[in-house]
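One structure is given below, encoded as structure tokens.
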Amino acid sequence: MLPEEKYIRKVIQGCLELGVQVSEELASVFFKCWLLSPNVKNLQKQPLKNIMDKIIDQCIQRLSVQKDPSILCIKMQLLIEHDYKNREFIINKVNEENDQKIRPLLNDILDNVDDTGNTMSTYYQKIIQYIILSNYMGDPTSPILIQEISDALHNVLNRTKSSEFENQLPSLKINQLKEISNLVCGIWLYNMDRKDKREETLDMIDTLPNAVELLLQNIEHELRDSIKKVMMTTSWILQCYKVYTDILAPIFVIRINFATVTIKKLNDYKTVLVFYLQYKKNLEIIKEDLSKLKIELPTLLIKFNRTFKEIKKLQNTNDFGQDTIYPELNNATVIWSEIRGIMNHLSITCSLISSMKQLTNEVINISEDIDNTSIMDTILIDSEELLTIIETYPLHPMCEWHPPTSANNKHLFADGYCVVMIVETDGILIQHDKSIGVIQYSDEWFGFASIQAALHFGTKPTYYLNRFLNLMRSKPHLLSIFHLYEQMTEMQHNSNEL
């Protein structure tokens, strides 16, 4: 076990003793953030054990706070980063988990070869169970399903050289067992397809396009709602600030008439804004996968049905040899594998969206004071006049301003959020204005929410970049959304220190 893992387990155990259950991923996020915190530098003269104990105590203290918006924000991000990622990740993960579950059964089959022709033997029954489980065919204890698979298996074994199975190497045994399993599954699917009354499995396949469409509609609704929440939260926060019209004046000061808003409440709302931005990002990732699936799925289902028509055609012409029918049966099983992968993906996606909605319900209780008001207009001077100013104003020698057309397809620093806004407001995330243009500094591209922000960064890039990075270290939810763990580690610690 690595030292870092030992400390993370101590954080989990400490939270559990306080009645709070946290995942290893969540505990790891807070532990790494505290390692990168500027406050740790003040402890460097103390023994390592004392430093680690204080970091662990701080993590436990934060994670045990009920309804902390920072924790909810990171949970929202981890749902996609660890539990979803993309459609292929979900499908592979489910397949790997299923393979691990049936691995003992597979080993038992390989180690105890018996007469596969005896349908009453325990060995034969284990092969049937393996075929059912590996192909997601249903309940392995169902008498009807067992009989259907037994009949199909008997048919396949009579047509293949099963007698050679016992004398083969384990890898070859596995390959042949998979070939037999694919053929049996293909026969089972074909028998279902040709019945007068289509069974539940095939009916469920036919409803997949509608399921994808309904899920996309639900995501569209949630996206509209999340965008509205982002605008409302941003508007509420910006009302706590005054924007100067002077081009090079300090950008923000706290409004006097909002003096009753506590710093804690203001910071909570900033974190809520990050939460909704992360929620919106998560939904967009899922939507992109589903949109691709919506296009691909009809072609896959047509191919699936066409395969059965080809099998039926071969059967009617009595061309039912291994060289003709077996490849088609195998194709049916391969397509079925893709379809059941899609089913697993849709099921897990629905569960994931439900979990995200549950987190949003918890955030609503925190952000109940937000009113539906319009966002303040932060640019109070004519845009063309401002563009002329930035084109002619002397910027830092390492800063180069580029017009809006140059920003296309550029990967912007901090995912395109304005670093000046983040620094000046202690964490408000506002996307850059595409009509302003971008500044290139130290091989990075920066976008800005206003011309004033661009000028401030253009004259003091090092100041804003360092302030931005320091802010990230002190706010776990921001460090999380920008995926800056590795970058921070490389800049501030060597491996021994970490």
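The values are calculated or read from the model by the stated rules, or taken from the named source; none is laboratory data. This one's a predicted model, so the numbers in the text were calculated from it and none came from an experiment. For neighbour counting, all protein chains shown are included, and Cβ atoms are generated from backbone atoms with ideal geometry for every residue, glycine included. When the accessible area is computed, the model is the full protein with side chains, heavy atoms only, and any ligands, DNA or RNA have been set aside. Shrake-Rupley method; radii C 1.70, N 1.55, O 1.52, S 1.80 Å.
Filtered by the rule that a residue be of a type outside the set (A, V, I, L, M), over 15 Å from Y393 (Cα atoms), open to solvent by less than 30 Å² (accessible area, probe 1.4 Å) and out of contact with any Leu (no Cβ under 7 Å at 6 or more places or on another chain), region 425-465 gives T425, Y441, F448, S450, Y464. Scanning region 74-90 for residues that are open to solvent by 40 Å² or more (accessible area, probe 1.4 Å) and either assigned to a helix (DSSP H, G or I) or of a type in the set (F, W, Y) (or both) turns up K75, E81, E88, F89. Against the conditions (1) farther than 24 Å from P250 by Cβ; (2) open to solvent by less than 20 Å² (accessible area, probe 1.4 Å); (3) at pLDDT below 85; (4) of a type outside the set (K, R), E384 satisfies every one except (2).
Could you tell me which residue of region 216-254 is modelled with the highest pLDDT, considering only residues that are closer than 27 Å to H456 by Cβ and open to solvent by 80 Å² or more (accessible area, probe 1.4 Å)? The qualifying residue modelled with the highest pLDDT is M231.
Exactly one residue out of S442, S406, S495 is out of contact with any helix residue (DSSP H, G or I) (no Cβ under 7 Å at 6 or more places or on another chain), at pLDDT 85 or above and of a type in the set (G, A, S): that is S442.
Within region 307-315, identify whether any single residue is buried (at least 18 other Cβ atoms within 10 Å of the Cβ), free of Cβ contacts under 8 Å to residues at least 60 places away in the same chain and not small (G, A, S), and answer yes or no. Scanning region 307-315, I find at least one residue that is buried (at least 18 other Cβ atoms within 10 Å of the Cβ), free of Cβ contacts under 8 Å to residues at least 60 places away in the same chain and not small (G, A, S), so the answer is yes. On the stretch given as region 133-174, residues that are under 21 Å from D108 (Cβ atoms), polar (S, T, N, Q), assigned to a helix (DSSP H, G or I) and modelled with pLDDT of 85 or more total 2. Look through region 409-420, keep the residues that are crowded, with 18+ Cβ neighbours inside 10 Å and within 16 Å of H477 (Cβ to Cβ), and return whichever of them is modelled with the lowest pLDDT. Within region 409-420, the match that is modelled with the lowest pLDDT is A414.
Just one of (1) surrounded by fewer than 18 Cβ atoms within 10 Å (Cβ to Cβ); (2) more than 30 Å from I335 (Cβ to Cβ); (3) in contact with a helix residue (DSSP H, G or I) (Cβ under 6 Å, 6 or more places away or on another chain) fails for D53. It is (3). Could you go through region 328-351 and let me know if any residue there is assigned to a helix (DSSP H, G or I), at pLDDT 85 or above and within 30 Å of K265 (Cα to Cα). So far as region 328-351 goes, no, none of its residues is assigned to a helix (DSSP H, G or I), at pLDDT 85 or above and within 30 Å of K265 (Cα to Cα).
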